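Okay, so here's the structure we're looking at.
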Amino acid sequence: MLTILDRYILKRYLATFGAMLLMFIPIGIIIDVSEKINKMIENKVPFLEIATYYYNFTIYFANALFPIFLFLSIIWFTSKLANNTEIIAILSSGISFTRFLRPFIIGATIVSIGVLLMGFYVVPRASEGFNNFRYTYLKSGGREQMAGDNTDVYRQLNDHEFLYVSNFNTSSKMAFNFSLERFQKEKMVSKITASRIKWNEKDSTYTLYDYSKRTVGKLGDKIESLPEKNVKFKFELEDLTPVVYIAETLRLNELIDFIDKEKKRGSSNINTYMVVLYKKFSVPVSAFILTIIAVAVSSMKRRGGMGMNLTIGIAVAFGFVFFDKIFGVLAEKSTFSPFVAVWFSNIVFGILAVYLLRNAKR
């Protein structure tokens with residue numbers, strides 16, 4: 001059962017966090033508009049697309065900076081409680097610091113569940129719209145950058161088939177120097193080659209130019225050659241070079257299936273995809289860690305008042321985000337473990353939270 005004190009603190013927790021979002025998101029939008037208005041005018045972007053972009057921007061921006069907003073909001077209202085000697089009165093009444101912390105943990109649970117569900121279902125769609133707009137209208141050569149590296153594409157389609165193309169053109173949906181090899185028990189059974197392959201949207205087939213198929217047999221190989229042939233394959237050319245931000249645009253079940261498929265294909269971007277997957281779970285957990293740190297830091301009345309608490313809070317919040325970003329990039333660009341990279345900030349600041357909590361109890 002929640003007491004009057006629990007409801008009071010919980011209400012302040014959620015209201016201050018909401019107010020922090022409502023205060024900083026418009027500022028973020030204004031700054032973004034001032035930086036990109038020239039590009040939008042130059043590219044004659046329709047107003048509806050701009051409005052949709054800023055709807056997606058709001059969700060993307062709030063999700064990316066969620067730890068900072070949450071931490072500062074707790075620092076703010078807990079410092080006010082401390083300056084008004086409300087916390088001293090609460091603890092003097094016989095309530096332990098752990099019991100005082102309960103409504104904060106309940107608030108962190110509500111926020112973390114919201115962030116978790118948003119990360120599973122809402123943020124991926126917002127991320128897709130946000131990134132599509134940026135790469136289409138705001139980045140120079142953005143359409144080409146979306147496809148990532150589309151040269152010397154080598155993929156394992158399944159346990160038996162291996163595909164290679166020397167170059168893939170996303171706009172014309174055409175690939176060059178195509179080869180598809182099929183193996184059984186580590187022995188090649190067939191190989192299809194073509195100078196180029198083109199996707200036909202009308203009948204969902206591929207046209208292979210300078211087509212050649214070699215079938216390996218016990219008594220001799222069978223070779224079929226044609227100047228042009230239409231063939232149906234189970235893969236899509238777009239799957240060979242997914243857009244650079246593809247993982248951010250997939251819901252949880254879609255992302256898990258995509259990662260499994262990319263692992264079988266031997267993708268070199270697995271670490272990037274794993275970072276996105278792990279962050280869907282690590283970010284909600286950070287709500288609890290940052291809540292404990294914020295309460296422990298700001299529950300004591302300091303000589304510098306609320307300003308000192310906010311200074312400490314800003315330093316801690318930006319330190320958290322800094323480590324999170326640095327290790328995330330490290331995992332994406334090297335062989336560093338994605339799991340360790342994503343959870344490093346939570347582990348380090350979790351230890352800090354335990355230390356501060358023990359001191360606060362004293």
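Numbers below:
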quantity	calculated
Selected from TYR273, ILE106, MET40, residue furthest toward positive end of dipole (the chain; charges at beta carbon)	ILE106
Evaluated over the stretch 150-241, the Cα radius of gyration and Dmax, each in Å	13.2, 44
Segment PHE281-ARG125, length gained on full extension (0.36 nm per residue, minus Cα span)	54.4 nm
Selected from ILE27, ILE292, ILE256 as most flexible by GNM, with the chain as the system and alpha-carbon contacts under 10 Å	ILE27
Ellipticity estimate at 222 nm from DSSP helix runs (n ≥ 4, -39,500 (n - 2.57)) divided over the chain, nearest 500	-20500 deg cm²/dmol
Per residue value of the accessible surface for the chain (all protein chains in place, 1.4 Å probe), Å²	54
Only Lys, Arg (+1) and Asp, Glu (-1) charged, at Cβ; the chain dipole about Cα centre in debye	1020
Histogram of C-alpha separations across the chain, 10 Å bin width, %	5, 19, 24, 20, 14, 9, 6, 3, 1, 0
Highest-fluctuation residue, SER267, SER195, SER34 considered, GNM on the chain with Cα pairs under 10 Å	SER34
Computed FRET value (nearest 0.05) for TYR355 with HIS160, which takes r as the C-beta separation and R₀ as 51 Å	0.40
The stretch 268-349: trypsin sites (Lys or Arg not before Pro) in DSSP coil with no more than 13 other Cβ atoms inside 10 Å	ARG303
Charged-residue dipole, Cβ positions (Lys, Arg, Asp, Glu), the stretch 150-241 about Cα centre, Debye nearest 20	340
Residue of PRO67, PRO284, PRO26 that the Gaussian network model of the chain assigns the largest fluctuation, springs spanning Cα pairs under 10 Å	PRO26
Heavy-atom accessible surface of the stretch 150-241: percent carbon and sulfur, 1.4 Å	47
Trypsin sites (Lys or Arg not before Pro) restricted to DSSP loop in the stretch 1-110 with at most 16 other C-beta within 10 Å	LYS44
FRET efficiency, ILE223 to ILE256 (Cβ-Cβ, R0 51 Å, nearest 0.05)	0.75
The stretch 194-212-the stretch 14-60 distance, computed between alpha-carbon centres (Å)	43
At least 24 Å along the helix axis (C-alpha) and Kyte average at least -0.5, DSSP helices within the chain	4-42, 47-64, 66-83, 97-117, 270-298, 305-333, 338-361
Electrostatic dipole magnitude of the stretch 197-260 [Cβ: Lys, Arg +1; Asp, Glu -1; Cα centre; debye, to 20]	480
Carbon + sulfur, % of accessible area of the stretch 1-143 - ligands and nucleic acids excluded, 1.4 Å	69
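The values are calculated or read from the model by the stated rules, or taken from the named source; none is laboratory data. Nothing here was measured: the structure is a model prediction, and the numbers come from that model. Cβ atoms come from the backbone with ideal geometry, glycine included; neighbour counts cover every protein chain shown. Side chains included, ligands, DNA and RNA excluded: accessible areas come from the protein's heavy atoms. Shrake-Rupley method; radii C 1.70, N 1.55, O 1.52, S 1.80 Å.
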